[in-house]
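S.K.: Can you read through this structure? Questions will come right after.
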Amino acid sequence: MNYKHDHIHVRCVDPEASEKWWTEVMGLEVVKRGGVPGMPITRLAFGDMTLSLSPPKEGIEVEPLSGNNRYGAYQLGVTVDDLLATVEELRGRGAKVTLEPVEMSPGMMVSFIQGPDGVELELMQYT
C-alpha cells in the first residue's frame, strides 16, 4: 500500500474564530469553501497538506473542550527553517508560546504554540 497525506480536519467550537487564528497568526491561506450536507468546511493550505475546519455536523453532539489531556490526535507537528525567527514572528501575531525554543535532542530544536480548539502545534527545526 502507498499512502499520501491529504488533510487534517479540526472540529471547531467557533469556525470563524479558528479560521481567523489560522490565517492571521499562522499565515495560512483559505483555498476552498464548501462542505457536505449539514456541515460547511473551510480548507486552508498548510505546507504540503490541507487543514480543514468545520463546526460539528448538524445533529451531532460534541463534548465541550475541557483542557484535560485526552486520547486521540492532539498535536500538529511541522518543520520550519528557522525556529527562533518563526517563534518570534508568530508571537508578534498573537500566538501563545507554551514552550520556548529548546534543543530536545542533538540536532533537533522544538517549540510549542497553543492553537484554537485544543490543538497544539509543535514547531521543529532539524540542524
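The values are calculated or read from the model by the stated rules, or taken from the named source; none is laboratory data. In this text the structure is predicted, and so the values were computed from the model without any measurement. For neighbour counting, all protein chains shown are included, and Cβ atoms are generated from backbone atoms with ideal geometry for every residue, glycine included.
S.K.: What number of residues within region 33-79 are β-branched (Val, Ile, Thr), in contact with an Asp or Glu (Cβ under 7 Å, 6 or more places away or on another chain) and at pLDDT below 90?
M.R.: The initial filter retains those residues of region 33-79 that are β-branched (Val, Ile, Thr), namely 36, 41-42, 50, 60, 62, 78-79.
Then keep just the ones that are in contact with an Asp or Glu (Cβ under 7 Å, 6 or more places away or on another chain); that gives 42, 50.
Still in the list and also at pLDDT below 90: none.
Residues in region 33-79 being β-branched (Val, Ile, Thr), in contact with an Asp or Glu (Cβ under 7 Å, 6 or more places away or on another chain) and at pLDDT below 90: 0 in total.
S.K.: Quick one: which strands (runs of 3 or more DSSP E) lie wholly within region 37-84 and hold at least 2 residues that are in contact (Cβ under 8 Å) with a residue 40 or more places away in the chain and under 17 Å from Glu122 (Cα atoms)? Before the answer, list the steps.
M.R.: Working: elements: 39-46, 49-54, 75-79.
Strands (runs of 3 or more DSSP E) meeting the threshold: 49-54, 75-79.
S.K.: Every residue in region 6-30 that is more than 25 Å from Ile60 (Cβ to Cβ) and either in a loop (DSSP other than H, G, I, E, B) or not acidic (Asp, Glu) (or both), please. Step through it out loud before you land on a result.
M.R.: Taking region 6-30 as the starting set, the residues that turn out to be more than 25 Å from Ile60 (Cβ to Cβ) are 23-29.
Hits for region 6-30 are Thr23, Val25, Met26, Gly27, Leu28.
S.K.: If you go through region 80-100 one residue at a time, do you hit one that is modelled with pLDDT under 95, small (Gly, Ala, Ser) and surrounded by fewer than 17 Cβ atoms within 10 Å (Cβ to Cβ)?
M.R.: First pass over region 80-100, keeping only residues modelled with pLDDT under 95: none.
The answer is no, given that none of the residues of region 80-100 is modelled with pLDDT under 95, small (Gly, Ala, Ser) and surrounded by fewer than 17 Cβ atoms within 10 Å (Cβ to Cβ).
S.K.: Just wondering, is there one or more residues in region 18-32 that are closer than 19 Å to Gln114 by Cα, in contact with a Pro (Cβ under 7 Å, 6 or more places away or on another chain) and surrounded by 10 or more Cβ atoms within 10 Å (Cβ to Cβ)?
M.R.: Yes, region 18-32 contains at least one residue that is closer than 19 Å to Gln114 by Cα, in contact with a Pro (Cβ under 7 Å, 6 or more places away or on another chain) and surrounded by 10 or more Cβ atoms within 10 Å (Cβ to Cβ).
S.K.: Do any residues in region 1-17 that are of a type in the set (Val, Ile, Thr) have Cβ atoms under 7 Å from those of residues that are part of a loop (DSSP other than H, G, I, E, B), where the two are at least six apart or on different chains, and which pairs are they?
M.R.: Short answer, once both residue conditions are applied: Val10/Val119; Val13/Leu65.
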